[in-house]
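Asker: Below: one structure in structure tokens.
Read-outs throughout are calculated quantities, based only on the coordinates presented, and are distinct from any laboratory measurement. Just so it is clear, the model here is predicted, and its values are computed rather than measured. No Cβ is skipped: glycine too gets one built from the backbone with ideal geometry, and neighbour counts run over all protein chains shown.
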Amino acid sequence: MDDLDRKILALLQQDFSQTTAQIADHIGLSVSACAKRIARLKKDGVITRVVAKLDANHFPKPVVAAVMVTLCTPKTSISRKFVELVKGIDAVQQCHIVNGDFDYLLIVKTASTESYLELAEENFGSNRDVHMYKTHFILRSDKQEDSVPDFCLFS
């Protein structure tokens, strides 16, 4: 991956609806060369999928929870089993292994506190590999980004 690829990625990350011609013009490439680079970035798995980012203000608000989970034993097999479990739960939108007082930080979105409670009891409370879990409900999100920062693209 070279600087032109990185410039393409930065532009696509800002707005994937740009045409290949617009991107090519912006970075000084021919349209065909730019299209080939984009196709290669997809084929190589650098661009994993293209999605529409929806404005959440047009929809009912979900209940969002930050869930801190501590496993009973820090064994690799137990960690793998837990990660596979949460990957299979659609409401779990993010799963991060962390250091400190707990092992995992999950971001969970459900339709109601009742549905969250049901999910948590079923997957965490009754799970013998989970020592404890603690939930913090997110009251408001003032900023949400999930992009690769430019300093990573151009390091």
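Asker: In contact (Cβ under 8 Å) with a residue 60 or more places away in the chain, among the β-branched types (Val, Ile, Thr) and under 16 Å from Leu119 (Cα atoms), is that true of Val83?
Answerer: For Val83, the condition - in contact (Cβ under 8 Å) with a residue 60 or more places away in the chain, among the β-branched types (Val, Ile, Thr) and under 16 Å from Leu119 (Cα atoms) - is not met.
Asker: Looking at this structure, is Ala33 in a helix (DSSP H, G or I) and either in contact with a strand residue (DSSP E or B) (Cβ under 9 Å, 6 or more places away or on another chain) or surrounded by fewer than 16 Cβ atoms within 10 Å (Cβ to Cβ) (or both)? Steps first, answer last, please.
Answerer: Details: in a helix (DSSP H, G or I): yes; either in contact with a strand residue (DSSP E or B) (Cβ under 9 Å, 6 or more places away or on another chain) or surrounded by fewer than 16 Cβ atoms within 10 Å (Cβ to Cβ) (or both): yes.
When the stated conditions are applied, Ala33 passes them.
Asker: Let me ask something else about it. Please note which strands (runs of 3 or more DSSP E) are completely contained in the range 44-155 and include at least 2 residues that are of a type in the set (A, V, I, L, M, F, W, C) and surrounded by 15 or more Cβ atoms within 10 Å (Cβ to Cβ). Give the steps one after another, and end with the answer.
Answerer: Details: elements: 63-71, 92-97, 104-110, 130-138.
Passing ranges, in order: 63-71, 92-97, 104-110.
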